[in-house]
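The block underneath contains the structure these notes are about, expressed in structure tokens.
A short reminder: the numbers here are calculations on the coordinates, not readings from a lab. Being a predicted model, the structure only gives us computed values, none of them experimental. Methodologically, a virtual Cβ is constructed for each residue, glycine included, from the backbone with ideal geometry; neighbour enumeration extends over all protein chains shown.
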Amino acid sequence: MGERAEAGRVRNQRSGAADGVRLAARALVYAALGGLALAAIATVVSVLGPVLALDLATPAMAAWWTVFTAVVVQGVPFLLLGTLVSAAIGAFVPERVFGRLLPRSPALAVPVAGAAGVVLPGCECASVPVAGSLIRRGVAPAAALAFLLSAPAINPVVLVATSLAFPGQPAMVLARLLASLAAALVMGWLWVRFGKEEWLRLPERRTSSAGSGAPRSRWDGFRAGLQHDFLHAGGFLVVGAAAAATFGIVVPRSVLDTFTGSPWLSVLLLAVLAVVLCVCSEADAFVAASLTGFSPTARLAFMVVGPMVDLKLIALQAGTFGRSFAVRFSAATWAVAVTSSVLAGWWLL
Amino acid sequence: MRRYGPAVLLLLSGAAILRISLFSEVYLRYVQPGLRPFLIASGVVLVLLGAVSGWRSARDRANHSHEGHSHAHGPRVALLLAVPALALLLSPPPALGSYSAEREAARYAAQGVGTFPELPAGDPVDLTLGEYTSRAIYDSERSLKGRTVRMTGFVTREENEDDEGDDGTWYLTRLLVSCCAADAAPYRIEIREADAPPADAWVTVTGTWHPKGDLGTDGAWPPVLDATSVKRVAEPRNPYEKR
């Protein structure tokens, strides 16, 4: 019996070694092929590159590429932070934790989750994957959505940036905090009352490879979740960046200056501008401060709407929650955010 | 190839981020200097993630070579990540220049007329375009008076394109970026007493303040400088205005 076990072990070892050799050989072949392909591409590009560049380098095209790349480069670190948090929630935080932390009734969970947005220091790219993983973890969608909206607008980094951009105007910081929080809570409660689960379509996350079937460790789940979420959200970030760059080229900001006369129009105009420009929530205060032709309320609307609804965010939400959700949710959020900033502006500014 | 798709995309993205942030300062064309450590960290994480992913795929394949395509592969929309990644790796887009500066309304510094801290010593004194602009328009003490200043920016020409006769008016321009290049807005200073270099050329201009209009009014815009010397220079490390 001992002999047979011994033989089995030897066989196993032998096949393990063979696997290793096969793997190494394959890696070598891939490296050689990949290297050849890369060398070929590099040669072609370096020969054709200057010719193509001349054709593509109309100033408008160059500016489009720069803005497009800039939005992606700016978004990647924050997106990665968000997906790290969301993958960690998915892999390491048991469901019952959220059940214990949040009130059972969704209507009560909304304000708790909304206020919890304070703890995620980042811009809006980070909050979408986190909210997605919260819903997967059994958090009431209304609460997760309140968190999604409040986190990028009321975290300390953003509030400090706002106070730097509006020196000597603490009312602006307070108005931003209150208007953003109010809009997030109202959206959460609206979802409790009117939201339909079927609008939400969270994509299946394939955390384990169907082929192996073996149960995987938590770290594997974390890695697979991180990889999937980043690639997925990253693709939609690229879509949003392309949209933002296109609007930036098609609609020059100077056109907007013609609308500064009417206070109502200017609020709506800056609320639309916030959607189109896709300025990250950590910097939008500086942009708002530079829009000096507009009333304080209009600038507040710019800062309240921007972190909640913008083109890249709509693309990210469409990717994470489904298209039918993103359209309805963004439209409603836009209206609620504008209303709440008008009220806050009328009260505080 | 599908099997290695996610690994390749992660490696490409990571390599692109590291190429612009760790191995060069190209990232300054797109974002603020403060983002560099975060970019480098993201690049490292992405490369590691891609390497582990590729290694896992290779191992799974060796272990289960007969189980066909049931494997998890990346979401298809992720392929779009290859576009900016390849652009950054092969030919990074240039910093924004006169095209963008002319499209955006000139930046009106958000402040009222008042006093400013004393100008630093030095002859000429080096200023950013923003500092010069706000002192020229809003300084009730007129601290620029009698001082020689030096500023660096690129050249933009008179915007009126329908105005056939180009009267040679040109501006020293620099874009201010608050977060990323998507929010660039220009500072613009009219340069007199010197011939216009070609548009988009980087120049260092030395000269003296030319007062114009009443302080804080529209008549004071844009600020004017009488140039004593205009020198062509290379594009600075950070092409945008210091914040």
* Grab the beta carbon distance between B:ARG192 and A:ARG104, set R0 = 56 Å, and tell me the FRET efficiency rounded to 0.05. => 0.20
* Structure fact -> Checking rank on B:92-100, A:154-162, A:141-149, with mean other Cβ inside 10 Å and highest first, the result is A:141-149, B:92-100, A:154-162
* Structure fact -> Note: probe point = Cα of B:GLU235 + 7 Å toward Cβ; backbone nitrogen < 15 Å; residues of the stretch B:183-216 passing the test are B:199-203
* Taking the C-alpha atoms of the stretch A:63-348, convex hull volume expressed per residue in Å³ -> 124
* Asked: Which percent of Cα pairs goes in each bin when the distances of the stretch B:99-232 are cut into 5 angstrom slices starting at zero?
  -> 2, 10, 21, 23, 21, 14, 7, 1, 0
* Residue-averaged beta-carbon neighbours from other chains (10 angstrom radius) around B:184-195 -> 1
* **Segment A:LEU349-A:ALA32, length gained on full extension (0.36 nm per residue, minus Cα span)** => 107.6 nm
* Given labels modelled 7 Å from the Cα in the Cβ direction, how far is it in nm from A:ARG323 to B:THR206? -> 6.2
* Treating only the Cβ atoms of Lys and Arg (+1) and Asp and Glu (-1) as charged, compute the dipole magnitude of chain B about its Cα centre; round to the nearest 20 debye. => 1820
* Asked: Which whole-Hz couplings ³J(HN,Hα) result when phi for each residue of the stretch A:140-154 is put into the Karplus expression 6.51 cos²θ - 1.76 cosθ + 1.60, θ = phi - 60°, listed in order with x for Gly and Pro?
  -> 4, x, 4, 5, 4, 6, 4, 5, 3, 7, 7, 3, x, 9, 10
* Structure fact -> Taking only the Cα positions of chain B, the convex hull volume per residue in Å³ is 157
* Structure fact -> Applied in sequence order to the stretch A:25-35, the curve 6.51 cos²θ - 1.76 cosθ + 1.60 (Karplus, θ = phi - 60°) yields integer Hz couplings, x standing for Gly and Pro, of 4, 5, 4, 4, 4, 4, 4, 5, 4, x, x
* Grab the beta carbon distance between B:GLU25 and A:ARG193, set R0 = 35 Å, and tell me the FRET efficiency rounded to 0.05. => 0.10
* Structure fact -> Among beta bridges assigned by DSSP with both residues in the stretch B:99-232, the antiparallel ones amount in percent, to the nearest 5, to 80
* To do: With +1 on each Lys and Arg Cβ and -1 on each Asp and Glu Cβ, and nothing else charged, work out how big the dipole of the stretch B:5-93 is about its Cα centre, in Debye to the nearest 20.
  => 60
* Taking amide hydrogens as modeled 1.01 Å from N in the peptide plane, which residues meet the under 5 Å criterion relative to B:GLY153, leaving out close sequence neighbours? -> B:VAL203, B:VAL205
* To do: Please report, to two decimal places, log10 I(q)/I(0) for the stretch B:5-93 at q = 0.12, 0.20, 0.25 Å⁻¹ as given by the Debye formula with identical point scatterers on the Cα atoms and no solvent.
  => -0.43, -0.91, -1.20
* Find which of B:GLY207, B:ILE137, B:ALA121 sits farthest along the positive direction of the dipole of chain B, computed with +1 on the beta-carbon of Lys and Arg, -1 on that of Asp and Glu, about the Cα centre. => B:ALA121
* Each residue of the stretch B:21-36 in order: what ³J(HN,Hα) in whole Hz does its phi give by Karplus 6.51 cos²θ - 1.76 cosθ + 1.60, θ = phi - 60°, with x for Gly and Pro? -> 10, 8, 8, 7, 10, 4, 4, 5, 6, 10, 9, 6, x, x, 7, 3
* Asked: What is the magnitude of the charge dipole of the stretch A:63-348 about its Cα centre, with +1 placed on the Cβ of each Lys and Arg, -1 on the Cβ of each Asp and Glu, and no other charges, expressed in debye to the nearest 20?
  -> 720
* Over all residues in A:223-230, what is the mean tally of Cβ atoms on other chains that come within 10 Å of each residue's Cβ? -> 5
* **Peptides ranked, highest mean first, by Cβ atoms within 10 Å: ranges B:136-148, A:75-87, A:266-278** => A:75-87, A:266-278, B:136-148
* Structure fact -> Each residue of B:33-45 has, on average, a number of other protein chain C-beta atoms within 10 Å of its C-beta equal to 3
* Along each principal axis, Cα extent of the stretch A:64-212, largest first, Å -> 58, 42, 27
* Structure fact -> One finds the C-alpha centres of the stretch A:64-92 and the stretch A:151-172 to be spaced, in Å, by 22
* Once fully extended, how much extra length lies between A:VAL93 and A:ALA60, figured as 0.36 nm per residue of separation less the alpha-carbon to alpha-carbon distance? -> 7.1 nm
* Over chain B, what is the mean sequence separation of C-alpha contacts under 8 Å (at least six apart), divided by residue count, expressed as relative contact order in percent? -> 19
